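Asker: Would you mind keeping the following structure in view while I ask a few things?
Every number in this text was worked out from the coordinates using simple rules, so none of it is lab data. Worth saying up front: this structure is predicted, and the values here are computed from it rather than measured. Neighbour counts are summed over all protein chains in view; Cβ atoms, including those assigned to glycine, are modelled from backbone coordinates with ideal geometry.
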């Protein structure tokens with residue numbers, strides 16, 4: 001037994017725990033500590049100069065106001081769309097719920113920069129789709145999405161599935177006898193919704209709203225593609241521009257800006273906690289099968305409205321993106337004579353940055369998903385079955401890089417790896433490895449949550465029986481624990497892969513020549529005016545996402561409900 005821990009562990013378990021604790025410390029605690037140090041003590045000497053320069057900058061205050069503006073208004077739109085869809089799917093008798101849920105979740109899985117590029121192709125005088133339909137505005141007309149309103153619209157659509165997920169989970173766990181009792185007393189649908197459903201589902205609705213707000217604050221892809229051309233800067237895009245103008249004081253200033261982004265996001269979490277503490281939301285009664293309230297004659301019209309929303313927010317932008325990738329040059333009208341697959345051929349078969357980005361993204365996302373899945377199972381084992389304060393802290397620390405905006409983590413990694421590593425003298429800055437470490441830190445919690453959920457529902461008797469028979473920790477882990485949670489761990493790995501393969505917010509600040517990723521390439525091609533190739537890369541990314549989601553859905557029939565978020 002080794003007793004130098006807050007709890008007694010056999011030697012094998014102690015060594016594994018020490019390795020996992022070191023991993024969480026290196027991925028979560030150390031980068032954030034380095035970020036705080038640089039903001040409060042730039043160059044190693046305590047100083048508030050970086051914070052003062054940030055507070056005194058009118059441009060920073062403008063970006064802060066813009067960030068709050070688009071985050072709040074975008075979140076309101078997300079709540080309206082996501083909550084409406086959740087109520088219909090969870091409480092009504094509309095048909096084809098599985099297909100609706102799958103398609104409604106797709107915008108969340110598609111990277112923000114791809115969504116932004118797809119929507120841009122639906123508007124403006126050069127829109128290939130509008131020119132095909134003879135609906136394009138006059139030449140020289142501005143694209144309406146290059147504006148504050150465009151950013152708000154896309155942030156609302158991008159994060160509506162987050163509200164949908166949280167609220168649907170609350171609706172499915174709500175005791176239905178409360179609703180049935182209200183209806184038996186003569187309450188109509190609207191009165192039941194207002195007096196019973198909304199109060200009971202306030203916690204998941206508040207949680208989904210907070211998650212949408214935090215995601216909107218840290219979103220880089222949409223404000224970058226729409227805000228930079230429209231001269232509407234948010235804090236993430238301001239940090240990106242500051243880093244582009246590299247100077248002796250820029251690191252400390254961007255660290256202070258990152259802390260400001262983190263403070264705004266954390267304020268959203270504090271408001272969530274304050275709202276939840278204001279009243280008691282506990283109910284009596286076990287969860288029951290979901291309701292299926294009859295919509296009567298209105299069902300057909302409501303179903304048509306739902307499919308119209310799907311067509312507007314998903315299908316139409318993707319069609320616009322696809323037809324843009326078929327023209328030889330942006331602005332050329334698509335016809336049988338001008339249609340060409342040259343952009344796809346160039347992207348897939350021409351050596352260069354684009355092909356390298358595909359390779360880097362696939363390898364980085366695959367390696368991160370595999371390693372995090374392998375680490376998540378033993379870490380979940382300790383968190384669930386060896387409960388104590390240190391493990392609770394490790395669980396919270398693992399969630400920190402994902403809870404904070406990605407730009408905060410990116411700046412922390414730059415600060416941590418800007419200089420060569422001590423002892424070995426290797427420099428990770430400017431290599432693909434710094435992106436890989438950032439992915440490991442940011443997506444650890446995505447792999448960890450399903451594993452924790454699985455072990456929470458599993459009786460430990462099998463593992464204890466193996467221990468009584470003399471099986472060492474490694475043997476028990478491989479032969480008992482891993483097989484029990486393998487489906488859930490695999491689902492966590494799939495979520496990590498889907499999120500990482502097109503990631504932009506982190507890699508936009510960490511990439512360099514040779515370490516491009518798909519998200520970076522889409523952003524760089526569009527920024528450089530090569531819209532056709534950017535559309536081709538985006539189409540291939542979307543096809544890959546649909547393939548992975550479809551394959552996971554087929555395998556997910558063996559998983560518990562709720563593991564894959566797009567399964568009804």
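Asker: Once the piece of chain linking residue 342 and residue 277 is laid out straight, how much longer is it, given 0.36 nm per residue of separation minus the C-alpha distance between them? Spell out each step's value before the answer.
Answerer: Details: separation 65, 0.36 × 65 = 23.40 nm, distance 5.81 nm.
The residue 342-residue 277 span can extend by a further 17.6 nm.
Asker: Tell me whether the range 400-453 comes out rounded, prolate or oblate; compute the Cα gyration tensor, take square roots of the eigenvalues as a ≥ b ≥ c, and use a/c under 1.5 as the rounded threshold.
Answerer: Prolate, because a/c is 1.5 or more and a/b exceeds b/c.
Asker: Also, quick follow-up: Ranked highest first by the average count of other Cβ atoms within 10 Å around their residues, in what order do 317-325, 447-455 fall?
Answerer: Working: 317-325: 22.0, 447-455: 24.3.
Output ranking for 317-325, 447-455: 447-455, 317-325.
Asker: Right, here's the next one. Run the quick spin-label model on residue 61 and residue 307: label points 7 Å from Cα toward the beta carbon, then report their separation in nm to one decimal.
Answerer: Calculated label separation equals 5.3 nm.
Asker: Let me ask another. Grab the DSSP H runs of the chain that are 4 residues or longer, score each as -39,500 (n - 2.57), total them, divide by all residues and round the 222 nm result to the nearest 500 deg cm²/dmol. Don't jump to the answer; show the numbers that get you there.
Answerer: Values: 26 runs with 373 residues, N = 568.
Mean residue ellipticity at 222 nm (helix-derived): -21500 deg cm²/dmol.
Asker: Along Cα→Cβ, 7 Å out, is where each label goes; now give me the distance between the ones at residue 80 and residue 363 in nm to one decimal.
Answerer: Going from the residue 80 label point to the residue 363 one covers 4.6 nm.
Asker: Also, quick follow-up: Could you bin all the Cα-Cα distances of the range 204-263 into 5 Å bins starting at 0 and give me the percent of pairs in each, rounded to whole numbers?
Answerer: 4, 18, 23, 20, 18, 9, 5, 2, 1, 0
Asker: Still on this structure, I have one more. Let me check against my output: what whole-number percent is the relative contact order of the chain, with C-alpha pairs under 8 Å and at least 6 apart?
Answerer: Dividing the mean separation by the residue count of the chain yields 21 percent.
Asker: Could you compute the FRET efficiency for residue 316 and residue 149, with r as their C-beta to C-beta distance and R0 at 25 Å, rounded to 0.05?
Answerer: On the way: r = 18 Å, r/R0 = 0.72.
Once the sixth-power term is evaluated, E becomes 0.90.
Asker: Same structure again: When the Kirkwood hydrodynamic radius is evaluated over all pairs of different C-alpha atoms of the range 330-420, what value in angstrom, to one decimal, is obtained? All intermediate terms of the calculation are to be shown ahead of the outcome.
Answerer: Working: mean 1/r = 0.0559 Å⁻¹.
Answer for the range 330-420: a Kirkwood hydrodynamic radius of 17.9 Å.
Asker: Can I ask one more? With a Förster radius of 30 Å, plug the Cβ-Cβ distance of residue 370 and residue 350 into 1/(1 + (r/R0)^6) and report the FRET value to the nearest 0.05.
Answerer: Details: r = 29 Å, r/R0 = 0.97.
Between residue 370 and residue 350 the formula returns 0.55.
Asker: Here's a follow-up. Which value in nm describes the separation of the simple spin-label points at residue 392 and residue 15, placed 7 Å from the Cα toward the beta carbon?
Answerer: Here the modelled spin labels are 3.1 nm apart.
Asker: Express the Stokes-Einstein translational diffusion coefficient of the chain in µm² s⁻¹, to the nearest whole number, given a Kirkwood radius over alpha-carbon pairs, 4 °C and a viscosity of 1.567 mPa s.
Answerer: Result for D is 51 µm²/s.
Asker: Taking the range 409-539, how much of its Cα-Cα pair set, in percent, is spaced more than 26 angstrom apart?
Answerer: Tail of P(r) above 26 Å: 47 percent of Cα pairs.
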